[in-house]
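Worksheet: one structure, shown below.
The values are calculated or read from the model by the stated rules, or taken from the named source; none is laboratory data. Note that this is a predicted model, so its numbers are computed, not measured. A quick note on method: Cβ atoms are made from the backbone with ideal geometry, for glycine too, and the neighbour counts reach across all protein chains shown.
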Amino acid sequence: MFRETPPVPDFPQIEHKILKFWKETDAFRKRVELNRGKKPYSFIDGPITANNPMGVHHAWGRTYKDLFQRLRAMQGYDLRYQNGFDCQGLWVEVEVEKELGFKSKRDIEAYGVAEFVKRCKQRVLRYAAKQTEQSIRLGYWMDWNDPDFLRYLADALENPSQEITIRGANGQLIIDTVERIVGQLGSPEIGGSYFTFSDENNYMIWAFLKKCYEKNWIYRGRDVMPWCPRCSTALSEHEIVTEGYRELVHPSLTLRFPLRGREKESLLVWTTTPWTLTSNVVAAVHPDIVYVKIKYGDEYFYLGKSALDRILPKGSYEEVEELKGKDMEGWTYEGPFDELPAQKESGAVEAHRVILWDGVTEEEGTCIVHIAPGCGKEDFELGKIYGLPTIAPLDEFGIFTEGFGKYIGIHVYDSAKPIIEDLKAKGLLFKVEDYKHRYPVCWRCGSELVFRLVDEWFISMGKKLNKPLEEITEEEKSQNLRYQIIEVAKKVRWIPEYGLQHELNWLENMEDWMISKKRYWGLALPIWMCQRCGNFEVIGSREELKARAVEGWEIFEGHTPHRPWIDAVKIRCSKCGSLTSRIPDVGNPWLDAGIVAYSTLRYSTDREYWRRWFPAEFVCESLPGQFRNWFYAMLAMSTVMEGSPPFKVCFGHGLVLDEQGREMHKSWGNVIWFDEAAEKMGADVMRWIYCTAKPESNLLFGYKRAEEVKRRFLLPLWNIYNFFVTYANLDEWTPKNSVPYEMLSPLDRWILSKLNVLIRDVTRYLEDFNPYDAAMAIEGFVDELSTWYVRRSRRRFWKSERDEDKSAAYTALYICLVNLIKLLAPFTPFLTEEIYQNIVRSVDPSAPESVHHNNWPIPDEKMIDEELMRDMNLVIKICSLGRAARNKAGVKLRQPLTEAKVVAAEDILKRIEKLKCLVVDELNVKNLALTSDRSEVTGYVIKPVPEVLGKKYGRMFLRIQETIANMNPLEAAETIKKSGCLTITVDGQKIEILPEEVRVLEQPKDGYEIAEEDNILVAVNTVIPPELRLEGLARDIVRRIQNQRKEAGFNISDQIETYYEAGPMLTEVFENFGEYIAAETLSVAIRRGNPHGEAHYSAYQLAGETLKVWLRKIIS
């Protein structure tokens, strides 16, 4: 016997039960052991940042990762199952600063770098523990660390030098300091998830950087970079482009730059960054834009002609002359802040002039752009071209430095107001307006960025050759990392396909990769720079550093390669012999994640192991977020290391938005947290939402969609399972009672044929990384299983006798359910386990312990019957048309009808003949007639077109209409079809009626309603004789009693007594169809009248009469 199931599943409750079962049975480890040593299937996890709880957006990609790994495990592949945690960088630092109440880097320095770095490690470990628990809750099978172990390490780090004892991956005892054990997380000795703060990951990046250094690709560059004043660090192009813009409102200033030697003449210049005016050097115009000189009051202004309407009120000025930008080149002007020492000492005052620049546009402002080479990236490039002075006004905290007079000590965020007041006092301000625009912000702390002249470290991508990729020579590629990465990227299969073009566009146009951060927690860049001669060297390993160290090794030894301990190590400059220190910068965190195809696969210690698992079969992350970041970093670093792609397939998915298509933000109140979603809707519901979304599109996630997914798929699946368990228990059917294939009905063989097609298609889709079509195929099968197979087989299950036909139905349904849950196991691991334990393990203890320990189903091609499936599709279509005809007539399906007719070609009718009984039952008709003669059910009506014939014949139109109405419409229609016209006689006058002058309409004959599609017409006879009317009422009564049984809480097998009171018509129904009603409702007796004692009572209005029904359960 199977365990009874509730009619409606509680998904979260089931999932907690299954999680407990998996833990108690060690289900994951047993799955790993089943495949150990078999053919490898390599997956590399893109590390999730261990800095906050997991969001529902993380769960989308993690669902895909788990799906594909579960598939391959069931197919017998050996997998590594290593999750990754991204640990280092600004994202963690900012959160720790918030915890500690810090406002700037000064607070970190005062607190102590060692203590701050320790706090960062602790935060990572605690959130890795949290995310591990959340991932387990999602059903994500990985080689997880025990979350309590991670929390223990976080707490133990309070004293990082204390020795502790832990048990390693193979059960061995490991004794070491907390700090060193934390640095070994993810190693073969300890196992579990990899952490990008690990020693191995950091030293592997050193090896990568060493290779770049040996190829002369690493350099220190001075550039104007986006800078966060709060975090006091530059942000790379990757960080800005990906998620670094926000709609903000700033003051836009239009101001005068007075022209030297031209009295009362000024350039009108526009800016949205007032602080940069303190560092202005030149003004730029486009050589070919049309500019105008206008008279405004007693002044003369120069600006772009296209800017007039947005800058000046209409009618307030007079155009004096037009000129091109190139005509203005070399004009000199007085700057707005020439009195500042920084302006005078830099030579900017003498440099003030108009220069030409193709980057000037007509879309906004005055078409004259103020240029401050120390305050903007493009400005800086122009400064290099024109040899301009560079003024850098801000320090690392965004404060005005020495040389800026009254502004010294003012924060850039507070500078707009005093600058505007100064300009107004000087008579230079023309107007100020609020201006809304996209402006870069720090992606971690949200602070507005400024552009600041800084020294940073870069990996050269090589020159942009600005020619088609196919024209780039091998020699050019060999000297240019950019094009080497492009060649590697092209070897990867990108899903969706446009992902490759996104990646290539990025690679072709990106600037050099800025790899440095002026921060504390992160990769210690292994660059030692000589202050005496300027030489720098990159150290490629811990061993090399130890060999080169001349000072500080004893301070560093025993620590992880992080600040501040690594900073103690000094080496000798290889050129001048001076003592050199490591630069204080830490690395760009995408270096951390980009190296994992090497650091996690033992590249430096076990090359044979690395070759077994490299490259990964696939990686999977959000495409919009990662093609510039993780995908790029992986490709770039693997190109340098081995010149080959680190993965074969790059599977990208879209973004998770709310149900209105908006991004989720806490401040908007539309965020759905993972924990909340898992406990409200269930992890399997979430997973099915993800798997039935097209990965190339954004996903609108929410509770309405969850309800839709349950209604559309999960509840119908559960209903089939519940139906099977209920009736199989009633009939004491188990798989031992299965019948051979030869004894199955055509309906059974059809559903098994569909099942094997499903197995074939789902396998093909998933192996092709197409979860959407796989999920849609499963949904389609479940729909057919529910709405056709089970629906059409209900009476086989309901009948009291236990014959071979009933056993055949159970056999087919059981085979479908067992194979279906195996196909679904990677998609919805909890629900399938719940069903498997009940319908498989309960009756076969020798079966694999978990559904996930089973082999992946293999289609039985012999069971695929294409002809039968075509015929059944035809029958389903005919039934659909028959139901549509009933709906048109307003006749419900419970009401029996005398006849339905199918009108179609002879070959179609022959195919229907074999499955005729299914149509009769489904359409609830007493007879099904097959014919190729439409005239049996339809006739024609010829209707004159009044607007044509009325206009043509005037008062004769009514007589023409009357004459046509008296004709045989079929003959008239045939005549028009053959002769091209219809000749009639009206009042002795012959008139030719043309085809366009009449409408020939086909309509059902009296007593029929029709529906037609694809040259198949189904007609139902809507005339209902009295005896069928009563039979229809009997069916209505049965439905009401069955619903009343449910309301009363009776079990499906409970026998009852039924009592009733009714009017004469319904009484006649009980008298004529009492046996039918009793059989359908398990009534051992049907009695007229009110019963004595307790009974479940309901009253109904039916056929204009009141029906009262009492039900009483028989107590055996």
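Quick check: anything in region 992-1003 surrounded by 17 or more Cβ atoms within 10 Å (Cβ to Cβ) and outside any strand (DSSP E or B)? For region 992-1003, residues surrounded by 17 or more Cβ atoms within 10 Å (Cβ to Cβ) and outside any strand (DSSP E or B): present.
Scan region 768-783 residue by residue and report those that are of a type in the set (Asp, Glu) and either assigned by TED's automatic domain parsing to the domain that holds TRP60 or free of Cβ contacts under 8 Å to residues at least 40 places away in the same chain (or both). Please lay out each step first, then the result.
Step one: list which residues in region 768-783 are of a type in the set (Asp, Glu), which gives 768, 773, 779, 783.
The answer is ASP768, ASP773.
Listed here are the residues, each with its yes/no results for (1) surrounded by 15 or more Cβ atoms within 10 Å (Cβ to Cβ); (2) more than 30 Å from ASN145 (Cβ to Cβ); (3) touching a Leu at 6+ places or on another chain (Cβ under 8 Å); (4) not aromatic (Phe, Trp, Tyr).
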{"position": "PRO160", "(1), (2), (3), (4)": "yes, no, no, yes"}
{"position": "ASN170", "(1), (2), (3), (4)": "no, no, no, yes"}
{"position": "ASP176", "(1), (2), (3), (4)": "yes, no, no, yes"}
{"position": "ARG180", "(1), (2), (3), (4)": "yes, no, no, yes"}
{"position": "GLY183", "(1), (2), (3), (4)": "yes, no, no, yes"}
{"position": "TYR194", "(1), (2), (3), (4)": "yes, no, yes, no"}
{"position": "ASN202", "(1), (2), (3), (4)": "yes, no, yes, yes"}
{"position": "ARG222", "(1), (2), (3), (4)": "no, yes, yes, yes"}
{"position": "LEU248", "(1), (2), (3), (4)": "no, yes, no, yes"}
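Within region 942-960, the residues that satisfy the criterion of being in a helix (DSSP H, G or I) and surrounded by 17 or more Cβ atoms within 10 Å (Cβ to Cβ) are LEU949, TYR953, PHE957, ILE960. What about GLU742, is it free of Cβ contacts under 8 Å to residues at least 24 places away in the same chain, part of a loop (DSSP other than H, G, I, E, B) and of a type in the set (D, E, K, R)? So GLU742 fails the test. Restricting ARG602, ARG582 to those that are closer than 30 Å to ARG220 by Cβ and at pLDDT 95 or above reduces the list to ARG582. One residue is enough: does region 304-318 have a residue meeting the conditions assigned to a strand (DSSP E or B), under 17 Å from GLY365 (Cα atoms), in contact (Cβ under 8 Å) with a residue 24 or more places away in the chain and touching a strand residue (DSSP E or B) at 6+ places or on another chain (Cβ under 9 Å)? Among the residues of region 304-318, at least one is assigned to a strand (DSSP E or B), under 17 Å from GLY365 (Cα atoms), in contact (Cβ under 8 Å) with a residue 24 or more places away in the chain and touching a strand residue (DSSP E or B) at 6+ places or on another chain (Cβ under 9 Å), which makes the answer yes. Pairing each residue of region 101-123 that is under 16 Å from LYS518 (Cα atoms) with any residue that is exposed (fewer than 11 other Cβ atoms within 10 Å of the Cβ), provided the two are 6+ apart or on different chains, yields C-beta distances under 9 Å for ASP107/GLY101.
Of all the criteria given as (1) under 28 Å from the mean Cα position of the chain (by Cα); (2) outside any helix (DSSP H, G or I); (3) without any contact (Cβ under 8 Å) to a residue 24 or more places away in the chain, the one not satisfied by ASN466 is (1).
No other residue among ASN729, ASN719, ASN698 is outside the structural domain of ILE912 (by TED's automatic domain parsing), over 25 Å from ALA774 (Cβ atoms) and either of a type in the set (Val, Ile, Thr) or surrounded by fewer than 18 Cβ atoms within 10 Å (Cβ to Cβ) (or both) apart from ASN729. Among the numbered conditions (1) touching a residue at least 60 places away in the same chain (Cβ under 8 Å); (2) within 30 Å of ASN770 (Cα to Cα), the only one that ALA416 does not meet is (2).
Quick test for you: out of TYR1100, TYR1076, TYR1059, pick the one residue that is among the hydroxyl-bearing types (Ser, Thr, Tyr), out of contact with any Ser or Thr (no Cβ under 8 Å at 6 or more places or on another chain) and not in a helix (DSSP H, G or I). Write out each step before concluding.
On the way: TYR1100 fails: out of contact with any Ser or Thr (no Cβ under 8 Å at 6 or more places or on another chain); TYR1076 fails: not in a helix (DSSP H, G or I).
So the residue among TYR1100, TYR1076, TYR1059 that is among the hydroxyl-bearing types (Ser, Thr, Tyr), out of contact with any Ser or Thr (no Cβ under 8 Å at 6 or more places or on another chain) and not in a helix (DSSP H, G or I) is TYR1059.
Pull out all pairs, ordered by first then second residue, where Cβ-Cβ is under 9 Å, the residues are six or more apart or on different chains, the first lies in region 51-66 and is more than 24 Å from VAL32 (Cβ to Cβ), and the second is in a strand (DSSP E or B) and of a type outside the set (A, V, I, L, M). Taking only residues 6 or more apart or on different chains, the pairs are ASN51/ASP86; PRO53/TRP673; GLY55/TRP673; VAL56/TRP673; HIS57/SER622; TRP60/SER622; TRP60/HIS653.
Do we find a residue being part of a loop (DSSP other than H, G, I, E, B), closer than 30 Å to VAL32 by Cα and either within 36 Å of the chain's Cα centre (by Cα) or in contact (Cβ under 8 Å) with a residue 40 or more places away in the chain (or both) anywhere in region 87-99? Yes; the residues of region 87-99 include at least one that is part of a loop (DSSP other than H, G, I, E, B), closer than 30 Å to VAL32 by Cα and either within 36 Å of the chain's Cα centre (by Cα) or in contact (Cβ under 8 Å) with a residue 40 or more places away in the chain (or both).
Confirm whether ASP434 is assigned to a strand (DSSP E or B), outside the structural domain of TRP275 (by TED's automatic domain parsing) and of a type in the set (D, E, K, R).
Details: assigned to a strand (DSSP E or B): yes; outside the structural domain of TRP275 (by TED's automatic domain parsing): no; of a type in the set (D, E, K, R): yes.
Considered against the rule, which asks whether it is assigned to a strand (DSSP E or B), outside the structural domain of TRP275 (by TED's automatic domain parsing) and of a type in the set (D, E, K, R), ASP434 comes out as no.
Of all residues in region 1084-1092, one or more are over 21 Å from PRO1026 (Cα atoms) and without any contact (Cβ under 8 Å) to a residue 12 or more places away in the chain.
Out of all the residues in region 184-195, is one or more without any contact (Cβ under 8 Å) to a residue 24 or more places away in the chain, touching a Ser or Thr at 6+ places or on another chain (Cβ under 8 Å), closer than 30 Å to ARG29 by Cα and not in a helix (DSSP H, G or I)? Scanning region 184-195, I find at least one residue that is without any contact (Cβ under 8 Å) to a residue 24 or more places away in the chain, touching a Ser or Thr at 6+ places or on another chain (Cβ under 8 Å), closer than 30 Å to ARG29 by Cα and not in a helix (DSSP H, G or I), so the answer is yes. If I filter region 14-34 for residues that are assigned to a helix (DSSP H, G or I) and closer than 18 Å to TYR690 by Cβ, do I get at least one hit? For region 14-34, residues assigned to a helix (DSSP H, G or I) and closer than 18 Å to TYR690 by Cβ: present.
Would you check if GLU801 is in the same structural domain as CYS816 (by TED's automatic domain parsing), outside any helix (DSSP H, G or I), out of contact with any Leu (no Cβ under 9 Å at 6 or more places or on another chain) and free of Cβ contacts under 8 Å to residues at least 40 places away in the same chain? Criteria met by GLU801. Out of all the residues in region 380-393, is one or more of a type in the set (Val, Ile, Thr) and under 28 Å from LEU323 (Cα atoms)? Among the residues of region 380-393, at least one is of a type in the set (Val, Ile, Thr) and under 28 Å from LEU323 (Cα atoms), which makes the answer yes.
When TRP553, TRP513, TRP565 are checked against the criterion of being farther than 30 Å from ILE175 by Cα and not aliphatic (A, V, I, L, M), TRP513 stands alone in meeting it.
Taken over region 101-118, the criterion of being of a type outside the set (Asp, Glu), farther than 14 Å from CYS445 by Cβ and assigned to a helix (DSSP H, G or I) is satisfied by ARG106, ALA110, TYR111, VAL113, ALA114, PHE116, VAL117, LYS118.
Kindly establish whether ASN756 is under 22 Å from ALA728 (Cα atoms), in a helix (DSSP H, G or I) and in contact (Cβ under 8 Å) with a residue 12 or more places away in the chain.
On the way: under 22 Å from ALA728 (Cα atoms): no; in a helix (DSSP H, G or I): yes; in contact (Cβ under 8 Å) with a residue 12 or more places away in the chain: yes.
Against the criterion (under 22 Å from ALA728 (Cα atoms), in a helix (DSSP H, G or I) and in contact (Cβ under 8 Å) with a residue 12 or more places away in the chain), ASN756 does not qualify.
Conditions tested, residue by residue: (1) of a type in the set (A, V, I, L, M, F, W, C); (2) closer than 19 Å to VAL349 by Cα.
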{"position": "ARG256", "(1), (2)": "no, yes"}
{"position": "GLU265", "(1), (2)": "no, yes"}
{"position": "LEU268", "(1), (2)": "yes, yes"}
{"position": "THR271", "(1), (2)": "no, no"}
{"position": "THR278", "(1), (2)": "no, yes"}
{"position": "ALA284", "(1), (2)": "yes, yes"}
{"position": "ILE289", "(1), (2)": "yes, no"}
{"position": "ILE294", "(1), (2)": "yes, no"}
{"position": "GLY297", "(1), (2)": "no, no"}
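Every condition in (1) in contact with a Lys or Arg (Cβ under 9 Å, 6 or more places away or on another chain); (2) surrounded by fewer than 19 Cβ atoms within 10 Å (Cβ to Cβ); (3) not in a loop (DSSP other than H, G, I, E, B) holds for ARG794 except the one numbered (1).
Looking at region 1076-1108, which of its residues are aliphatic (A, V, I, L, M), under 18 Å from GLU1047 (Cβ atoms) and crowded, with 16+ Cβ neighbours inside 10 Å?
Our first condition is that a residue be aliphatic (A, V, I, L, M); within region 1076-1108, this holds for 1077-1079, 1082, 1084-1086, 1095, 1099, 1102-1103, 1107.
Those still in the list that are under 18 Å from GLU1047 (Cβ atoms) too: 1077, 1082, 1095, 1099, 1102, 1107.
Across region 1076-1108, the qualifying residues are ILE1077, LEU1082, ALA1095, LEU1102, LEU1107.
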